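Below is one structure; the comments refer to it alone.
The values are calculated or read from the model by the stated rules, or taken from the named source; none is laboratory data. Worth saying up front: this structure is predicted, and the values here are computed from it rather than measured. Here the Cβ positions follow ideal geometry from the backbone for every residue, glycine too, while neighbour counts run over all protein chains shown. The accessibility values were calculated without ligands, DNA or RNA, using every heavy atom of the protein model including side chains. Shrake-Rupley method; radii C 1.70, N 1.55, O 1.52, S 1.80 Å.
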2 protein chains.
Amino acid sequence: MKTNTPTTTALYSIEQAIKAYRKLCNKNISKIIEDITVDQALILIILNDNSSLTQMQIGDLVFKDYASITRILNLMEKKGYIKKGINNKDKRRSLLEITTKGKETLTILSPTIQLNRNTALKNITEDELNQLYTILNKITNNCNP
Amino acid sequence: MKTNTPTTTALYSIEQAIKAYRKLCNKNISKIIEDITVDQALILIILNDNSSLTQMQIGDLVFKDYASITRILNLMEKKGYIKKGINNKDKRRSLLEITTKGKETLTILSPTIQLNRNTALKNITEDELNQLYTILNKITNNCNP
DNA sequence: TATTTTTATTTGATATATCAAATAAATTAC
DNA sequence: GTAATTTATTTGATATATCAAATAAAAATA
């Protein structure tokens, strides 16, 4: 029997889990590469897998505001992980490319990224993972108008 | 059968759900009260329920950095929702009190807060909620060293 | 008691989140 | 083809996140 204070709601537990996970990720990643965050690594992976994404598509993929994407990408370019050009088929769009340094960084980080996931999901069964997906998708859909 | 790209991991679904929920909350709350956020409302609720909490305790409750708490509380004081004094038993600590405006705001927001939770958790059974807690707690514990 | 260590909060610097508005290119309507 | 509208990105302003360092009071130790 649960009481109904804000700190006992499902949403609070979600917040708690994701914050703990992000903290773990950033701690382990910055042990290996100092100047990169989980989110930046995620964007690197996405750029590595899918070529020619727009900033808006990236923003939608990582659930971030487009203004944030602009700034994050600028920092990533400044640090040499990506290169930003202009898409000549549509000059409003930027042409995003992962650099060699970016690819090397992914290679170096790959084991850590895998370790983070494994650590977070330790002792969670396939069944439970499926339950988790199902419930979270319900919540996401409920919240999206 | 799930592939192993970052956007298909459980953690990504968690991020997705919590962002959708926060967006919903902030949208509905700001329809009623313009200058308050979900997090600030949560802190108000906590201050209303538990008297004489320290800033560190609040930070731990809402999973926020103490520096953030300092700044958030300052803004909340500036907007008249709380009052910050000095705890005379321990002058390092601040004495946090919810103001009348703060209490009134909670009363006004209460139905919206409830609506947000109900909206997010619509069609989710008691069983599923318990599964969710169990799994999320596992993740949280796995991530906390 | 004086000194050292710990604790609670604050401040500074930088990155990110969010919203609104600006910019500029592409598309549509006329 | 020109004007109006839509789309992609950027910029500005403000709030929040995060880490490190500063401050000041309390507690522990000598």
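Would it be correct to say that B:LEU106 is buried (at least 16 other Cβ atoms within 10 Å of the Cβ) and under 30 Å from B:ILE82 (Cβ atoms)? So B:LEU106 passes the test.
In this structure, A:ILE29 does satisfy being β-branched (Val, Ile, Thr), within 16 Å of DNA strand D (Cβ to nearest atom) and either part of a helix (DSSP H, G or I) or open to solvent by 70 Å² or more (accessible area, probe 1.4 Å) (or both). Taken across the stretch A:101-117, residues that are touching a strand residue (DSSP E or B) at 6+ places or on another chain (Cβ under 9 Å), within 15 Å of DNA strand D (Cβ to nearest atom) and within 14 Å of chain B (Cβ to nearest Cβ) do not occur at all. Is it true that B:ILE43 is in a helix (DSSP H, G or I), crowded, with 18+ Cβ neighbours inside 10 Å and modelled with pLDDT of 95 or more? Yes: the conditions hold for B:ILE43. Comparison of B:THR125, B:THR119 shows that the only residue that is open to solvent by 30 Å² or more (accessible area, probe 1.4 Å), more than 30 Å from A:GLN114 (Cα to Cα) and in contact (Cβ under 8 Å) with a residue 60 or more places away in the chain is B:THR119. Return yes or no: is B:SER52 at positive phi and more than 7 Å from chain A (Cβ to nearest Cβ)? Yes; evaluated as a whole, the condition is true for this residue. Inclusion of B:ILE86 among residues that are within 16 Å of DNA strand D (Cβ to nearest atom) and in contact with a helix residue (DSSP H, G or I) (Cβ under 8 Å, 6 or more places away or on another chain) is not warranted.
Against the list (1) crowded, with 19+ Cβ neighbours inside 10 Å; (2) within 15 Å of DNA strand D (Cβ to nearest atom); (3) not hydroxyl-bearing (Ser, Thr, Tyr), the condition B:ALA10 fails is (2). Residue under question is A:ASN123, and the condition is that it be on the phi > 0 side of the Ramachandran plot and not in a helix (DSSP H, G or I); does it hold? Answer is yes for this residue. It is to be established whether one or more residues within the stretch B:41-52 are among the hydroxyl-bearing types (Ser, Thr, Tyr), over 27 Å from A:ALA41 (Cβ atoms), within 13 Å of DNA strand D (Cβ to nearest atom) and over 13 Å from the mean Cα position of the chain (by Cα). The answer is no, given that none of the residues of the stretch B:41-52 is among the hydroxyl-bearing types (Ser, Thr, Tyr), over 27 Å from A:ALA41 (Cβ atoms), within 13 Å of DNA strand D (Cβ to nearest atom) and over 13 Å from the mean Cα position of the chain (by Cα). Contact map, the stretch A:60-89: first residue over 13 Å from A:ILE43 (Cβ atoms), second residue among the hydroxyl-bearing types (Ser, Thr, Tyr) and open to solvent by 50 Å² or more (accessible area, probe 1.4 Å), Cβ cut-off under 8 Å, separation 6 or more or different chains; pairs are A:ASN87/A:SER52. Once the stretch B:84-110 is narrowed to residues that are away from DNA strand C (no atom under 12 Å from the Cβ) and of a type in the set (D, E, K, R), the residue that is farthest from B:LYS31 (Cα to Cα) is B:GLU97. Every listed requirement among (1) touching a residue at least 40 places away in the same chain (Cβ under 8 Å); (2) open to solvent by less than 80 Å² (accessible area, probe 1.4 Å); (3) more than 26 Å from B:ASN144 (Cα to Cα) is met by A:GLU97 save one, (2).
For residues that are within 12 Å of DNA strand C (Cβ to nearest atom) and part of a loop (DSSP other than H, G, I, E, B), scanning just the stretch B:49-80, find the one that is surrounded by the fewest Cβ atoms within 10 Å (Cβ to Cβ). Per the criteria, the residue is B:ASP65. Of the residues making up the stretch A:118-131, those that are within 7 Å of chain B (Cβ to nearest Cβ) and β-branched (Val, Ile, Thr) are A:THR119, A:ILE124. Might you let me know whether the stretch A:9-19 holds any residue that is farther than 25 Å from A:LYS101 by Cβ, in contact with a Pro (Cβ under 7 Å, 6 or more places away or on another chain) and assigned to a helix (DSSP H, G or I)? Within the stretch A:9-19 (the criterion being farther than 25 Å from A:LYS101 by Cβ, in contact with a Pro (Cβ under 7 Å, 6 or more places away or on another chain) and assigned to a helix (DSSP H, G or I)), the answer is yes, since at least one residue qualifies.
Determine, yes or no, whether B:THR134 is out of contact with any strand residue (DSSP E or B) (no Cβ under 6 Å at 6 or more places or on another chain), farther than 17 Å from B:ASP39 by Cα, within 14 Å of chain A (Cβ to nearest Cβ) and of a type in the set (Val, Ile, Thr). In short, yes.
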